[in-house]
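A short reminder: the numbers here are calculations on the coordinates, not readings from a lab. Source: prediction; values computed, not measured. Heads up, the Cβs are rebuilt from the backbone with ideal geometry, glycines too, and the neighbour counts pull from every protein chain shown.
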Amino acid sequence: MIPLPPLAKRLAAAALAALYLVLSFLAGASDHPPLLAVVVSLAPMAFMALVFAWHQSGWRRSVLLTLWGLLVVGVGLQLSALSRHVATVFFLQHVGAMGFLGLMFGHTLGQGHDRALCSRIAAFITPEPLDARYLRYTWQVTCAWTTFFALMFGLSTALFLSGRLWWWSLLANVLTPALVGSLFVAEYLVRLRVLPDRPHMDVRQTIQAYQRFRQAQR
């Protein structure tokens with residue numbers, strides 16, 4: 001097989017991501033979504049659950065893999081019925097993720113500038129000690145992310161409970177990932193301006209640093 005050049009890989013990944021967002025939007029916005037949209041939209045959750053189960057050890061892996069298999073079979077048998085309630089599944093997934101992330105960032109805000117989540121991540125990946133100015137900035141970044149997740153949680157809940165499924169699906173399945181990416185870019189640009197004399201990571205390196213930090217906390 002001829003390997004794809006990096007640009008082709010990025011374009012293919014972007015196309016797949018766009019297709020997933022479109023199908024997720026259709027599945028969440030319609031009272032009777034196409035089964036293909038339902039299957040594709042649920043696939044990432046099923047895959048993440050499978051990866052989580054596989055990385056367990058001993059009897060936990062066996063139990064979780066068995067439960068995963070039973071759940072997949074059950075979903076397959078009830079797929080038509082599930083398609084009538086898939087918006088509720090996506091709603092619980094969206095507000096659950098926004099609420100969890102908001103709490104994860106927010107509960108560190110009252111522990112001092114150096115204990116804010118973004119401050120801890122920066123200290124984890126920066127070899128030299130962080131001064132008070134940098135820690136104040138990373139505390140503010142933590143506060144900004146907390147506010148964003150709280151707003152998404154509130155808007156998602158209000159739109160879904162009001163029955164505006166089209167607008168809710170647009171927010172949850174299209175705007176939320178777009179806004180998360182935009183916030184990463186905006187934070188990087190602000191950091192360049194506010195702290196011009198410090199070494200900086202780009203957006204990709206920032207995401208990778210957060211992943212390494214989370215792995216180190218396990």
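Here are some notes:
- Mean Cα-pair separation over length for the stretch 24-140, i.e. relative contact order, pairs under 8 Å, 6 or more apart, %: 20 percent
- Considering helices alone, the calculated mean residue ellipticity of the chain at 222 nm is -25500 deg cm²/dmol, with DSSP H runs of length four and up weighted by -39500 (n - 2.57) and normalised per residue.
- Cα shape, the stretch 1-84, gyration tensor, a/c 1.5 rule: oblate
- Mean Cα-pair separation over length for the stretch 1-84, i.e. relative contact order, pairs under 8 Å, 6 or more apart, %: 27 percent
- Sites ILE125 and ARG193 - FRET efficiency at Förster radius 25 Å, r taken between beta-carbons, to 0.05: 0.75
- Placing dummy labels 7 Å off each Cα toward the beta-carbon, the span from GLN208 to SER162 is 4.2 nm.
- Using R0 = 30 Å, the C-beta based FRET efficiency linking ARG115 and LEU92 works out to 0.45.
- D_trans [Stokes-Einstein, Kirkwood Rh over alpha-carbon pairs] for the chain, 20 °C, 1.002 mPa s, µm² s⁻¹: 108 µm²/s
- Close amide H partners of LEU195, meaning residues 5 or more places away or on another chain with modelled amide H under 5 Å apart, do not exist here.
- When you count the other C-beta atoms within 10 angstrom of each residue and take the mean per peptide, 145-151, 157-163 line up highest first as 145-151, 157-163.
- For the chain, the dipole from Cβ point charges (+1 on Lys and Arg, -1 on Asp and Glu) about the Cα centre works out to 300 debye, to the nearest 20.
- Rel. contact order, % - alpha carbon contacts under 8 angstrom, at least six apart, the chain: 22 percent
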